[in-house]
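For reference, the structure is listed below as structure tokens.
The values are calculated or read from the model by the stated rules, or taken from the named source; none is laboratory data. On a predicted model such as this, the values are computed, not experimentally measured, just so you know. Here the Cβ is made from the backbone with ideal geometry for all residues, glycine too, and neighbour counts use every protein chain on show.
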Amino acid sequence: MLVSAKEMLNKAKEGHYAVGQFNINNLEWTKAVLLTAEEMKSPVILGVSEGAGKYMCGFKTVADMVKSMINELKITVPVALHLDHGSYEGCYKCIEAGFSSIMFDGSHYPIDENVAKTRELVEVCAQKGLSLEAEVGSIGGEEDGVVGMGECADPNECKMIADLGVDMLAAGIGNIHGKYPANWAGLSFETLAAVSEKVGKMPLVLHGGTGIPEDMIKRAISLGVSKINVNTECQLAFAAATRAYVEAGKDLEGKGFDPRKLLAPGVEAIKATVREKMELFGSVGKA
Ligand code: 13P
């Protein structure tokens with residue numbers, strides 16, 4: 001069932017668990033995440049960055065693929081198809097293409113411009129039944145060529161954006177995309193607690209889910225995080241399993257070169273990662 005992320009996240013906030021956003025890159029990725037969500041009876045959010053959208057031949061191709069797959073695979077759990085770190089123009093393209101949820105990342109604009117553009121998108125999304133994520137304070141690290149330094153969000157600015165009526169808010173709390181460096185200072189729970197207090201019932205989003213230790217994930221959920229984004233960890237798992245298959249020479253045995261065989265260990269590795277995250281986030285059985 002393709003739905004907006006609004007209801008699943010409000011339920012998660014109330015129930016003190018988080019829904020995973022898993023970024024997709026191709027057909028195998030999408031299938032792996034959808035089948036795992038169904039198996040775990042968990043709601044799920046499929047994240048699509050602008051770069052991944054382009055790679056998959058445009059947002060319309062992605063939306064049509066996801067809708068058909070939900071249908072053909074008989075997926076009954078709630079699924080949101082969500083633009084990740086969308087530009088202003090990208091948001092409109094995804095609304096047009098049939099996404100059910102978008103993130104407008106206006107964190108690099110001055111706060112007044114972020115507010116103005118977010119306000120406009122709140123109205124458009126409300127009319128069309130999509131959910132909207134906004135961002136305050138940038139997420140560090142690199143994702144698809146977009147590099148952020150990572151700055152903790154100002155709780156007052158978070159309240160300004162939350163009051164516009166967005167459905168979920170990503171607030172920078174020292175989190176970064178990609179692998180965390182050895183000297184990473186950890187999440188700023190002080191910032192998270194202050195943001196949480198200001199925004200009340202608003203579901204908060206934790207980007208950069210890869211490599212955050214379990215205890216920090218649990219503490220973040222207890223302080224109001226209801227959506228956690230994971231991208232790199234699935235990529236690493238897929239790459240390691242594919243490497244093991246090729247290094248063991250399996251592609252040279254029989255018809256081991258068949259793409260359905262060659263990609264199968266990577267797909268299983270994505271599934272295992274998604275399963276593990278859903279258990280950690282507490283979303284299993286919540287569909
Ligand atoms: P990671 O790649 O660090 O898991 O971050 C994913 C993310 O936040 C997508 O927006």
The one condition Lys201 fails out of (1) in contact with a Gly (Cβ under 6 Å, 6 or more places away or on another chain); (2) at negative phi; (3) part of a loop (DSSP other than H, G, I, E, B) is (1)
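With respect to Ala194, determine if the residue is away from the ligand (no atom under 13 Å from the Cβ), among the small types (Gly, Ala, Ser) and part of a helix (DSSP H, G or I).
Working: away from the ligand (no atom under 13 Å from the Cβ): yes; among the small types (Gly, Ala, Ser): yes; part of a helix (DSSP H, G or I): yes.
When the stated conditions are applied, Ala194 passes them.
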Exactly one of these conditions fails for Trp184: (1) among the hydrophobic types (A, V, I, L, M, F, W, C); (2) away from the ligand (no atom under 13 Å from the Cβ); (3) without any contact (Cβ under 8 Å) to a residue 12 or more places away in the chain. Give me its number. (2)
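Across the stretch 1-44, which residue is nearest to the chain's Cα centre (by Cα) among those that are farther than 18 Å from Val267 by Cα and among the β-branched types (Val, Ile, Thr)? Full working, then the answer.
The first filter runs over the stretch 1-44 and keeps only residues farther than 18 Å from Val267 by Cα, leaving 1-19, 41-43.
Within this subset, residues satisfying the condition of being among the β-branched types (Val, Ile, Thr) are 3, 19.
Values: Val3: 15, Val19: 9 Å.
The selected residue is Val19.
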Among the candidates Leu223, Leu262, Leu236, residue that is within 19 Å of Thr30 (Cβ to Cβ), at pLDDT 95 or above and either away from the ligand (no atom under 16 Å from the Cβ) or among the small types (Gly, Ala, Ser) (or both): Leu262
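Kindly indicate which of Gly209, Gly178 is closer than 28 Å to Asn114 by Cα and either at pLDDT 95 or above or away from the ligand (no atom under 14 Å from the Cβ) (or both).
Only one candidate qualifies: Gly209.
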Do any residues in the stretch 153-168 that are farther than 18 Å from Lys227 by Cβ and modelled with pLDDT of 95 or more have Cβ atoms under 7 Å from those of residues that are surrounded by fewer than 17 Cβ atoms within 10 Å (Cβ to Cβ) and among the aromatic types (Phe, Trp, Tyr), where the two are at least six apart or on different chains, and which pairs are they? none
Need the failing condition index for Lys277 against (1) farther than 16 Å from Asn26 by Cβ; (2) surrounded by fewer than 20 Cβ atoms within 10 Å (Cβ to Cβ); (3) of a type in the set (D, E, K, R), just the number. (2)
